[in-house]
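Have a look at the structure below before the remarks.
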Amino acid sequence: MGTNGNEEVTSLYSLSCRDRRFSKHIHDNVHGNIYLDPVPLMIKVFLEMTFCLLLMQFFLQFVDTEQFQRLRELKQLGLTHMVYPGAVHSRFEHSLGVYWLAGEAVHTVQGHQGSEINIERNDIRTVKLAGLLHDVGHGPFSHLFEREFLPRVLNGSEWSHEDMSVKMIDYIVDAHHIEIDSAILNNVKEMVLASSANASQNTVNEKRFLYDIVANGQNGIDVDKFDYIVRDSRACGLGCNFQFQRLLETMRVMGDEICYRAKDYLTVHKLFATRADLHRTVYTHAKVKAIELMVVDALTLAHGELSISASIQEPAKFWKLDDSILRQIETSDKQELKKARDLVLRIRRRDLYQFCNEFAVPKDKQEHFKDITPQDIVCSQKNGDTPLNEEDISVSTVKINLTRGRSNPLERIMRVITNFR
């Protein structure tokens, strides 16, 4: 009797997830309708054979919090919209997109391999939640906050948005009294950290492939890239030859890793090549870099008055920091913020730092290449040139690769790309 009851409950749950009447849907301009599926909250037994399945919107408990809604105020591409006006999409829709693709990925391998890889309901829920929350600890202005601003004001800070995402997840659970299994919570946090410098190396003993879906630290092929490459290209009005659907539909698990067909080699290459092209033409566009340098200078000048970095270890305060900090500086009447305010006004009036020159270092010369400093440029001035001081110059060193430094990522992936029926 007990076994039949459990089977009935499982059937009811599966039906509820397939029946979209039980789901909250959000229309996305990249993936169409995204469904936030419910999960069982409580099962009550009436008499001997009747079961009542109560559902709760598990994922909505996280989405409908001020901490997650904050992602609406973080533009996915930071200041790029000042050059590409269409690039105003936020980390909110990107996070929903990664949630959806993470679910599609895990359902794909489950559908093709079934009991062979033993994917359970909690595994699916964990991967989808990791996709949903992977950027919840992100700072303002894309990666400028952690890579440019914090190292300047905190002497080489190594703060990362992945670490803050983990802290923010714990904070959301505690602050909103969300009931979640501790094992699921820990696995979600490990998946968020999977491609970061602080990823756990030895804690995952089984189903290692699940940790490569959202943030793949092994070869860089993950649904995070699937989403942002297509979303960023579309927002900037650029064509995109990379089709993630082909990889998503054919992925399989072999040797506890996500694998792809050998004939999809070129599609994998397009993933990395398209990402590199976006870096060249969009993310590191000369005007974008000029504006970023100006914003870093403005934030640095305002830091003493606003203590912008004071909250970076405290989720309860950090969630209140977003892209609006620039507007706060711009509209303030405080004399202490005048220099920062003047810089922001220069950006508004398109009085930008002037791009002077660039030099591409050949691959075979990079190992011995010395980074250029403002002092080097000052010392190289010729007689008769307009004299420049070090404070007049900003040097931006940009490294564009295929995610594996000087190595070809396909060399790592070749071990995983396999023929299968």
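Structure notes:
- Karplus-derived HN-Hα couplings along the range 226-240 (A = 6.51, B = -1.76, C = 1.60, θ = phi - 60°), whole Hz, x at Gly and Pro: 3, 6, 6, 5, 5, 5, 5, 4, 5, 5, 8, x, 9, x, 9
- Backbone amide hydrogens, once placed in the peptide plane, bring S90 within less than 5 Å of Q76, excluding anything fewer than 5 places away on its chain.
- The range 324-386: radius of gyration over Cα atoms, expressed as a fraction of 2.2 N^0.38 Å: 1.73
- Lysines with Cα under 26 Å of K370, excluding same-chain neighbours fewer than 8 positions away: K287, K289, K382, K399
- Nearest-10 value in Å² for the accessible area of K270, using the 1.4 Å probe: 90 Å²
- Heavy atoms of R348: accessible area, 1.4 Å probe, square angstrom to 10: 120 Å²
- In Hz, Karplus ³J(HN,Hα) per residue of the range 103-120 (6.51, -1.76, 1.60; θ = phi - 60°; x = Gly, Pro): x, 4, 5, 5, 5, 5, 5, 5, x, 8, 10, x, 5, 4, 10, 6, 7, 9
The values are calculated or read from the model by the stated rules, or taken from the named source; none is laboratory data. These numbers were taken from a predicted model, which means no experiment stands behind them. Protein only, heavy atoms only, side chains kept; ligands, DNA and RNA dropped before computing areas. Shrake-Rupley method; radii C 1.70, N 1.55, O 1.52, S 1.80 Å.
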